[in-house]
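Undergrad: To start, I am sharing the structure in question, which I have written as structure tokens.
The values are calculated or read from the model by the stated rules, or taken from the named source; none is laboratory data. Treat the numbers as computed from the prediction; the structure is a model and nothing was measured. Cβ: placed from backbone, ideal geometry, glycine included. Neighbour counts: every protein chain shown.
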Amino acid sequence: MPRSRFSQASKRPGFSILSRLPDRRHIAHTAFVAVAVSLWFMLVYGGCNWITSQHAYRFDLAVPGEKSLPFYPAASLIYLSIYPLFLFIPFMLPSIQEVNRLGLAVAVMIGIASIGFLLLPGRPISHPHVEGTWHGLFHVADVMNLSHNYLPSLHVGLAVSAVSAMNRNASFVTAGCFWTWAFLVAISTLVLHQHYLIDVVSGWILAVFCVRLFFNRGQGIRVPSGDLSPTPPA
């Protein structure tokens, strides 16, 4: 008899950092999926940014009082921490099927986001000139964000989709740490003046939707990278 979602969740370990140690085949496959999704991201994100740069049609996406948010260039460290976050994926997703489903969910999310980029281009958000300790990191974050893609925030979407998928195999403590990480990344986009609040909220919702629709399906059967035979759920 299949167990309920509640009973499965209750079987999580009390504390764990990594789901399992991946073998070289699993790491190589994860890297392949990451490269493929990254190329898709660069094509869509860069293409939408170029299309929007060809016209002056813009929306003011700010809610009342949002433009008075403080600016903290030190948050660049948290903003860029999304890339170390991705390194946990091959450890927390122990099967090739899970990696593939996450790649599909992210690819679809990127495609859907392009609609918002093109139909609702936001006005650029001004920020103070940064000098000193945080100049280099903020410059990297600002350049990578490009100039015209606002709604939804794919930076938030990528963090939330990765965390949402990885937490299926995480303990409650580890899941809490990952969700806190994603939340701080989302906040960093606001205090760095890289995104509007509506961008952050829509990016978060879009990521959860895509993961539930494309990743969560097929969770019943997992095939670890080093095993060629399916293992039915307990």
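Undergrad: Answer yes if at least one residue in region 175-192 is at pLDDT below 95 and of a type in the set (S, T, N, Q), and no otherwise.
TA: There is no residue in region 175-192 that is at pLDDT below 95 and of a type in the set (S, T, N, Q).
Undergrad: I'm trying to understand the selection: among the residues of region 109-133, which are surrounded by fewer than 17 Cβ atoms within 10 Å (Cβ to Cβ) and either aromatic (F, W, Y) or under 21 Å from the mean Cα position of the chain (by Cα) (or both)?
TA: G111, I112, I115, L118
Undergrad: Enumerate the pairs (first residue in region 22-36 and surrounded by 18 or more Cβ atoms within 10 Å (Cβ to Cβ); second residue anywhere and small (G, A, S) and modelled with pLDDT of 95 or more) with beta-carbon separation below 7 Å, excluding pairs fewer than 6 apart on the same chain, so at least 6 apart or on different chains.
TA: V33/G103
Undergrad: A further question follows. Hey, L228 hits all of (1) of a type in the set (A, V, I, L, M); (2) outside any loop (DSSP other than H, G, I, E, B); (3) at pLDDT below 95 but one; which does it fall short on?
TA: (2)
Undergrad: Here is a further query. Of the conditions (1) in contact with a Cys (Cβ under 9 Å, 6 or more places away or on another chain); (2) surrounded by fewer than 24 Cβ atoms within 10 Å (Cβ to Cβ), V191 clears all except one; give me its number.
TA: Failing condition for V191: (1).
Undergrad: Let me ask you something else. It is to be established whether one or more residues within region 168-178 are of a type in the set (F, W, Y), over 21 Å from G103 (Cβ atoms) and under 18 Å from the mean Cα position of the chain (by Cα).
TA: no
Undergrad: Being farther than 18 Å from V106 by Cα, of a type in the set (S, T, Y) and surrounded by 12 or more Cβ atoms within 10 Å (Cβ to Cβ) is the filter here, so list the residues in region 45-68 that pass it.
TA: T52, S53
Undergrad: While we're on this one: For residues that are assigned to a helix (DSSP H, G or I) and either of a type in the set (A, V, I, L, M) or crowded, with 23+ Cβ neighbours inside 10 Å (or both), tally how many sit in region 135-166.
TA: 19
Undergrad: If you don't mind, there's one more thing I want to ask. Scan the helices (runs of 4 or more DSSP H) fully inside region 63-123 and keep the ones with 1 or more residues being free of Cβ contacts under 8 Å to residues at least 60 places away in the same chain.
TA: Those helices (runs of 4 or more DSSP H) span 82-86, 96-119.
Undergrad: Let me ask something else. Identify all residues within region 82-95 that are out of contact with any Phe, Trp or Tyr (no Cβ under 7 Å at 6 or more places or on another chain) and not β-branched (V, I, T); write none if there are none.
TA: Scanning region 82-95 gives Y83, P84, F86, L87, F88, P90, F91, M92, L93, P94, S95.
Undergrad: Does region 166-173 include one or more residues that are aromatic (F, W, Y) and in contact (Cβ under 8 Å) with a residue 12 or more places away in the chain?
TA: The answer is yes, given that some residue of region 166-173 is aromatic (F, W, Y) and in contact (Cβ under 8 Å) with a residue 12 or more places away in the chain.
Undergrad: Go through (1) touching a residue at least 12 places away in the same chain (Cβ under 8 Å); (2) surrounded by fewer than 19 Cβ atoms within 10 Å (Cβ to Cβ); (3) closer than 26 Å to C210 by Cβ one by one and return the number of the condition M42 breaks.
TA: Unmet for M42, out of (1) touching a residue at least 12 places away in the same chain (Cβ under 8 Å); (2) surrounded by fewer than 19 Cβ atoms within 10 Å (Cβ to Cβ); (3) closer than 26 Å to C210 by Cβ: (1).
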